[in-house]
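S.K.: Dropping a structure here in structure tokens format, bear with me for questions.
Quick note: the coordinates plus some simple rules give every number you see, no bench work behind them. Note that the coordinates shown come from a computational prediction; the quantities given were computed from them, not determined experimentally. Neighbour counts are summed over all protein chains in view; Cβ atoms, including those assigned to glycine, are modelled from backbone coordinates with ideal geometry.
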Amino acid sequence: MKYRVYYMLPDWFGTGIRGTLPTVRDLDQTHVFLREVDALDLEGVFQRSQGEVWSPNGEARDIIRSKRLNHTSMCVGDVIGEGDKLWVVASVGFTELQP
């Protein structure tokens, strides 16, 4: 499956990493689309979005900077999308965002 990956913008990072959920309506103000990832499930997206996997030698540095981001590895508060569904990475597992 193909998943969309959205990372938290720096202004939201401190809020999101503490577990506050973004709203679907305001996602473009708290997160930015980073890339698409092919994976079997959400856990696969998380694993493939760790810096040591997708940017072991700093390959993602330019794209991270161009998107106004500060983190390379997916973390709590980042968002995964598939079709019309969105999930936030939680401290354990994933939380589906309601429209």
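S.K.: With θ set to phi - 60° and the Karplus curve 6.51 cos²θ - 1.76 cosθ + 1.60, what are the ³J(HN,Hα) couplings of the range 9-20 in order, to the nearest whole Hz, using x for Gly and Pro?
M.R.: 6, x, 5, 9, 3, x, 6, x, 5, 8, x, 5
S.K.: If you don't mind, there's one more thing I want to ask. Rounded to whole Hz and in sequence order, give me ³J(HN,Hα) for the range 63-80 from the Karplus expression 6.51 cos²θ - 1.76 cosθ + 1.60, θ = phi - 60°, writing x for Gly and Pro.
M.R.: Working through the residues one at a time gives 5, 4, 5, 5, 8, 6, 9, 10, 10, 9, 8, 4, 9, 3, x, 6, 10, 10 Hz.
S.K.: Tally Lys/Arg at +1 and Asp/Glu at -1 over every other residue whose Cβ is under 14 Å from the Cβ of Leu9; what's the total?
M.R.: After counting each charged neighbour, the total is -1.
S.K.: Just from its helices, what would the mean residue ellipticity at 222 nm be for the chain, if runs of 4 or more DSSP H residues each count -39500 (n - 2.57) and the sum is divided by every residue, rounded to the nearest 500 deg cm²/dmol?
M.R.: Counting only the DSSP helices, I get -6000 deg cm²/dmol.
S.K.: Here's a follow-up. Roughly how big is the chain's charge dipole about its Cα centre, with Cβ charges of +1 (Lys, Arg) and -1 (Asp, Glu), in debye to the nearest 20?
M.R.: I would put it at about 260 debye.
S.K.: Next question, about the same structure. Over the chain, what number does the Rg to Rh ratio reach, with both radii from the alpha-carbon atoms and Rh per Kirkwood?
M.R.: 0.93
S.K.: Right, next: Viscosity 0.890 mPa s, temperature 25 °C: give me the Stokes-Einstein translational D for the range 50-95 in µm²/s, with Rh taken as the Kirkwood radius over C-alpha pairs.
M.R.: 208 µm²/s
S.K.: Let me ask something additional. In the range 2-96, with Lys and Arg counted as +1 and Asp and Glu as -1 at Cβ, which of these residues, Leu86, Val24, Leu9, has the Cα nearest the positive end of the dipole, that is, farthest along it?
M.R.: Leu9
S.K.: Find the relative contact order for the chain and round it to a whole percent, using C-alpha pairs within less than 8 Å whose residues are 6+ positions apart.
M.R.: So the answer I get is 36 percent.
S.K.: Apply the Karplus curve 6.51 cos²θ - 1.76 cosθ + 1.60, θ = phi - 60°, to the phi angles in the range 38-49 and return the couplings in whole Hz, x for Gly and Pro.
M.R.: Listing the rounded values in order: 8, 7, 7, 7, 4, 4, x, 4, 4, 4, 6, 9 Hz.
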